[in-house]
Amino acid sequence: MNNFGFNFDNTYAKLPEIMATKISPVPVKQPELVILNTHLAEELGLNFSNTSSQDLANLFSGNILPEGSEPIAQAYCGHQFGHFVMLGDGRAHLLGEHINPKNIKVDIQFKGSGRTPYSRMGDGRAALGPMLREYLISEAMHHLGISTTRSLAVVKTGEMIRRETELKGAILTRVAASHLRVGTFQYVAAKQDLNALKQLVDYAVARHYPELLNSQNKAVALFKTVMKRQAKLVTEWLRVGFIHGVMNTDNVSISGETIDYGPCAFMDQYDPKTVFSSIDHYGRYAFGSQSIITKWNLARFAESLLPLLAEDEKKAVKVAEDLIHSYDETFENHFHEMMKKKLGLISNEENDKAIISELLNLMYNNQSDYTNTFRYLINNKLPQNKLLNNTGFITWEQKWKNRIKQNQEEALNLMIENNPEFIPRNHKVEEALKNAENGSVKSFNTLLNILKNPYTNQIEYEDYQKPAPPSDKIYKTFCGT
Ligand code: AMP
Ligand code: MG
């Protein structure tokens, strides 16, 4: 049988029984392919060249399962907006781990593929708009050079789902290094199953960080590495103005990938308090709070590992505290280095911190567009009028120009590599999704193609660099739809 190049292993299904439930996707009425990521398929060693679009639709809806897959729904918990909840894959099925041509296992997961024992009151389904949104933004993040889950395909199910209105149902195929989350560890810890916790740590280390296999204490080593990955990841979000929007512990990946694109969005005007999510009333997950929330989530991770951090509890608590305390320095170093790159600062100078914070303050006080201000410094394009007329900025710019003078070319190249020209501007994303929901994927594909080269000057698409017109300013995003 043609198995499209899928080569499954199912190691997660072999973990202790409490970790997952064997269950197949619920077949759908009339699947229709909306988009297939042919480039990613190739990277994965999959081959769909002789596959009809109907077979593709059947495959990516779960109506036919590829050979070797053993679908499961994974169990996990999570702190959602600070509250501890039992969750699990309520609308997702893990088909298994596909072994790619580089001999690395990647999870192939459907999202929106029907009810599972973890569905609670939900229908197990997803709507076309949000699935295309995840596809678009996750691919944009990948091309921005930021660690993320990928999107392989979206199909329409041919069924309507009920939300505030009736919406077209859809299924996304997500590819991830794994779906191990902080919430997975919290789940096992809550079950007080020490054996399963040990197995889970061993599993995570073997799968993601085999270099730690011989560590004296694998749980401590795992924590330290995940902490570094998360500090790096959130720094990358801050580099491009990304707001995840729902940084619950079930959405924090042990592999360090950005995962679960719900109400995420990119900031236009620089303001650390920026929030787009309609349910984030208190700004818990605001742009400028993302590092502190990462630390909070990591503290929950350390708590769940507690029985393995040291022999007695008191000692373990002390180990956990010391580990968490080291987060601030790790993050600050990453952040400083990242901002230096954004400003083309090559050597280390005493007033680097001041140069960085002064610019951020000026941007905030003058309502400057985050992305375009940095690009302006490179080539004077898309000027921010209010900022440019500010005497504080005029002085700052002169100081900065003097600072980079010695290595100007190198500085500008560094800036070009670290400051995108194109981010998914919210109004463009909405326009593309609206058209796609109405049956035309043309503007979706145009936007996707622009975002594949975010650091490249694409002169004909200057319109896509502009923030939303002022009338559009109150932009809101919704999750779980
Ligand atoms: P998310 O906001 O996508 O991270 O989802 C949070 C939790 O709610 C996860 O356990 C999901 O599986 C579950 N969930 C979200 N939407 C649905 C739905 N329509 N049906 C069942 N479970 C859902
Ligand atoms: Mg989630």
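Read the figures in this text as sums done on the coordinates, not as results from a lab. This structure is a prediction, so every number in the text was calculated from the model and none was measured. Cβ atoms come from the backbone with ideal geometry, glycine included; neighbour counts cover every protein chain shown.
Backbone geometry of region 29-35 corresponds, through the Karplus equation with coefficients 6.51, -1.76 and 1.60 at θ = phi - 60°, to 3J(HN,Hα) couplings of 5, 9, x, 9, 5, 9, 8 Hz, x marking Gly and Pro.
Taken about its Cα centre, region 152-306 carries a charge dipole of about 300 debye when Lys and Arg each add +1 at the Cβ and Asp and Glu each add -1 at the Cβ.
Whole percent per 5 Å bin, from 0 to the bin with the longest distance: what is P(r) over all C-alpha pairs of region 86-158? For region 86-158, the binned pair fractions read 3, 14, 19, 22, 22, 13, 6, 1, 0 percent. Computed over the chain, the alpha-carbon pair-distance distribution with 20 angstrom bins reads 23, 55, 22, 0, each value a whole percent. For the chain, the relative contact order works out to 14 percent when only alpha carbon pairs closer than 8 Å and six or more residues apart are counted. Counting every C-alpha pair in region 52-97, the share spaced more than 18 angstrom apart comes to 47%. Any chance you could tell me what percent of the C-alpha pair distances in region 67-189 go past 23 Å? Above the 23 Å cut-off, region 67-189 has 36 percent of its Cα pairs. Rounded to the nearest angstrom and listed largest first, the equivalent-ellipsoid semi-axes of region 203-319 from its Cα gyration tensor are 30, 15, 11. Spread over its residues, the convex hull of the C-alpha atoms of region 265-325 is 98 Å³ per residue.
How big is region 133-238 by the Kirkwood estimate over distinct Cα pairs, in Å?
Here the Kirkwood hydrodynamic radius works out to 16.6 Å.
Taking the Cβ-Cβ separation of Q367 and I346 as r and a Förster radius of 25 Å, what is the calculated FRET efficiency to the nearest 0.05? FRET efficiency, Q367 to I346: 0.25. Remark: region 336-481 is approximated by an ellipsoid whose semi-axes, taken from the C-alpha gyration tensor as √(5λ), come to 32, 17, 13 Å, largest first. By the rule of a C-alpha distance below 24 Å, with chain neighbours fewer than 8 residues away ignored, the lysines paired with K198 are K14, K22, K105, K218, K224, K228, K295, K314, K315, K318. Its alpha carbons considered, region 80-122 gives a radius of gyration followed by a Dmax of 14.0, 41 Å.
So if I take the centroid of the Cα atoms in region 119-152 and the same for region 163-177, what is the distance between those two points in Å? So the separation of the two Cα centres works out to 8 Å. Rounded to 0.05, the FRET efficiency of the Q54 and T446 pair, given R0 = 25 Å and the Cβ-Cβ distance, is 0.40. Distances between placed amide hydrogens fall under 5 Å for S178 paired with D107, all partners being 5 or more residues away or on another chain. Distance between the C-alpha centres of region 45-107 and region 231-280: 23 Å, rounded to the whole angstrom.
3J(HN,Hα) along region 255-266, derived from phi through the Karplus expression 6.51 cos²θ - 1.76 cosθ + 1.60 where θ = phi - 60°, amounts to 7, x, 8, 5, 9, 6, 8, x, x, 5, 6, 9 Hz, with x in place of Gly and Pro.
Contact order for region 334-419, expressed relative to its length and based on alpha carbon pairs under 8 Å spaced 6+ residues apart, stands at 41 percent.
Beyond 18 Å, how much of the Cα-Cα pair distribution for region 1-151 remains, as a whole percent? Pairs farther apart than 18 Å: 62 percent.
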